Amino acid sequence: MNDAALAVLSSVVETDVTPLERLAHARDLWPRSTLALVEGRLPPSPLAVSFPQHEGDLRAAIDWAVANRVPVVPWGAGSGVCGAAAGRPDALTLDLKRMNRIGQVDAATRTVRVGPGVIGQHLEDNLGRQGWATRHSPSSIWCSTVGGWAATRSAGQFSSRYGKFEDMVAAMRVVAPARAFRTGRWAQGRDLGPWVLGSEGALGVISELLVRVVPLPESRWMRGYRFPSVPAAWEAMRLLMQAELHPCVVRLYDPVDTRIGGRGKGVKGGGSGLLKNLVGTLDARTNLSMPLALPRLLNALAGWGGDECVLVVGWEGTTEVAEVLARHGHGLLLHAGGKDLGAEPGDHWYAHRHSVSYKLAPIFTRGAFADTMEVASTWSNLPALDAAVRVALGEDCFVMAHYSHVYREGCSIYFTFVGRAEEGRYDRVWARALAAAGASGGTVCHHHGVGPHKMHAAARELAGLAAPFAELRDELDPTGILNPGRLFPPVSIPEPPAPTLGIDSRSLIATLSAQQPAADRDAWLSQRGYMLRFPTAGTLAAALGQPHAPWETAVLGASLHLDGTRVVLLAVPRSSAGPDPRAAFPAHCYETITVPVVPLAQLTVVVSRLAPDVRPARSTREGVELRGPAATELAALCARAGEAG
Ligand SMILES: Cc1cc2nc3c(=O)[nH]c(=O)nc-3n(C[C@H](O)[C@H](O)[C@H](O)COP(=O)(O)OP(=O)(O)OC[C@H]3O[C@@H](n4cnc5c(N)ncnc54)[C@H](O)[C@@H]3O)c2cc1C
């Protein structure tokens, strides 16, 4: 690139070509690049870094890049852990942090307009002053942006109640080389929102977002429970979510994480056992490469401490609603075998909820790497996924896990692992773990996105979407300058068989024919004691466009025919393996659809008006439906709210 061309760029948008600025945008926080850095290898710096302040600047920078055939890498805060925003020597990096306007909350629609470069904590601080919050709270909230959250389909610590970030985005403005367009509530014509969310800058640069907000919670109720084993705790978590008690936090630590984290007050050996002593010694003085030479032995030693584990659960919202939900949830957890550890484990977690992730960095200076892997599956498939990935990681690394993004239909698993600092080992362990996750029917990533790191595994998971994605990309970016090479590298997999029709009663989902007439389908379900969670008078395929509450997943999986080829989109509660167009194709393409179902016997109350903060199971023509053990009490609260106002 010649100086004259760069001078033109600088004349249309503020641009920095100094080595320091370029180096600062050379890499995101992918641990593989941290490993290289510690070994003295610098990543390639981008050609230049531009700092657009508004959409006009963005358009000018993109037009310049098109004219000069220069690849463009959008940059939020570079906190991604998969290399998605990493610089390339031939590219223009667009640092969006100066597009950081935060609007006034619109109380009627409960939304706020936000620039893509707003840092998460700044958004929550600003909204807090207005009495509102998104409650999107990733551990990286201090160092990640709203645009980055949307582009990677990020998940926060309160996702069990408020959903992932894609659930919070009501609309977006997006600037692509060919045209600017709007999604969601702002869409005119075809809504490309499901394709842009999770597209990691490959379809356009998100230039503004309309984000859903909730009133600041009035009170919070946190508690810890001890369970005899992880499977016993999983069962309690499943029952809790399926009882529709809407906790904001559900975090289970496996026995090793329980002991290392010192969470195990009341857990045998908790916080002071062999493992904690070992880790304490290592913390103080040791290079880690020696103990990590025998990872299987280390994992076996860690396993000796027993099976007990700690679950942290919390509710928040208006005081009276949180109190009702927490009381019922507490009873349910005790009934499911949990021993009450009091408020301390929950309060401690809440106070330190953003600090843990930053503790991994020092490990790199001590002969080791540390990384995390987040996968997810349905409740019925969770044990198989957990075991397969644990074995794959444990061959080369010390492993522990927690289970923190919990849904009615399933759960995610967050593995933390530490291995000897060798690039070959790093690549091997990841290849093995991604293959294990894919083979055992889980999504290969729940919220970290894909980047170059996981894009082959994600492409295998979403095989079949490569062609429609490429078609859309050609339309929006005909010169192919946006994050070139993403998101779907060529992978070839044999055409998958159609998913088996049937009900998964543990996960409360059913895989049904997409085109079956409603009467036959509903009779079939009802003979087995179930009904659709979102009833519809037509076929499931015809119901795809129906609006649901933002946090509800109406379509968990699907098989469809695209250009004569069967595409199977995995049934999983949430994922961030690229975009999520499960419900975005024409109705005639669908063969099967996996949807949530409800047992016919579940207690249901219909009210005409909600008290503040009561979360409905669904809306019906007759009113709003509340479900589960707290439904009657919540209905009484709603009636009182109705009388009052
Ligand atoms: C300590 C730590 C803790 C973390 N904890 C969590 C967690 O709890 N939950 C979670 O989900 N993630 C977590 N992450 C991962 C990371 O913070 C998320 O992936 C986050 O969403 C990335 O945001 P960012 O603004 O830093 O994006 P970047 O890393 O800058 O970019 C990520 C991708 O999005 C694209 N992009 C960025 N902005 C835009 C835009 N406006 N338009 C189009 N494309 C864009 C980039 O090109 C890139 O492909 C953590 C990371 C760290 C380092």
Point to revise | Two-decimal log10 I(q)/I(0) for the stretch 97-200, as the Debye equation yields it once each C-alpha is a single scatterer, q = 0.10, 0.17, 0.22 Å⁻¹ | key: -0.26, -0.78, -1.32
Practice item. Please report the Cα spread of the stretch 437-545 along all three principal axes, rounded to whole Å, starting with the longest. Key: 53, 32, 27
Point to revise | Protection proxy ranking, peptides 490-502, 73-85, 166-178, average beta carbon neighbours within 10 Å, highest first | key: 73-85, 166-178, 490-502
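Provide the three semi-axes, in whole Å and in decreasing order, of the ellipsoid equivalent to the stretch 502-599 as defined by the square roots of 5 times the Cα gyration tensor eigenvalues.
20, 16, 13
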Revision key, fill the gap. With 0.36 nm assigned to each residue of separation and the Cα-Cα distance removed, LEU501 to LEU334 gains 56.6 nm
**Study point:** Dmax and Rg, reported as Rg then Dmax, of the stretch 517-557 (C-alpha, Å)
**Key:** 10.8, 30
Exercise for review: Would you please give the residues with an amide H less than 5 Å from that of GLY410, counting only those at least 5 places away or on a separate chain, with H modeled from the backbone geometry?
Suggested key: TRP379
Check your understanding: How much of the DSSP beta bridge set in the stretch 13-165 is antiparallel, as a percent to the nearest 5?
Key -> 40 percent
Exercise for review: Sum up the charges of everything whose Cβ sits under 13 Å from the Cβ of CYS589, counting Lys and Arg as +1 and Asp and Glu as -1, but leave CYS589 out.
Suggested key: 0
Revision key, fill the gap. One point scatterer per Cα, no solvent, Debye formula: log10 I(q)/I(0) for the chain at q = 0.11 Å⁻¹ comes out as -1.15
Revision key, fill the gap. Of every Cα-Cα pair in the stretch 1-145, the percentage lying beyond 22 Å is 46 percent
Review point. Once the other residues with Cβ under 13 Å from the Cβ of VAL66 are scored (Lys, Arg +1; Asp, Glu -1), what is the net sum?
Key: +1
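Given 25 °C and 0.890 mPa s, how large is the Stokes-Einstein diffusion coefficient of the stretch 604-644 in µm²/s, with Rh as the Kirkwood radius over Cα pairs?
On the way: Rh = 9.8 Å.
Once the numbers are plugged in, D ends up at 250 µm²/s.
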Review point. Where nothing but the Cβ of Lys and Arg (+1) and of Asp and Glu (-1) is charged, how large is the charge dipole of the chain around its Cα centre, in debye to the nearest 20?
Key: 860 debye
Review point. How many Lys pairs in the chain lie less than 28 angstrom apart by Cα atoms, where the lysines are 8 or more positions apart or on different chains?
Key: 14
Point to revise | Cut-off 13 Å between beta-carbons: net charge of the residues surrounding ALA170, Lys and Arg +1, Asp and Glu -1 | key: +1
Exercise for review: Given the peptides 397-404, 49-56, 16-23, arrange them by the average over their residues of other C-beta atoms within 10 Å, most packed first.
Suggested key: 397-404, 49-56, 16-23
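We did not get these values from a lab; they are worked out from the coordinates using the rules stated. All of these numbers come straight from a predicted model, not from anything done at the bench. Here the Cβ is made from the backbone with ideal geometry for all residues, glycine too, and neighbour counts use every protein chain on show.
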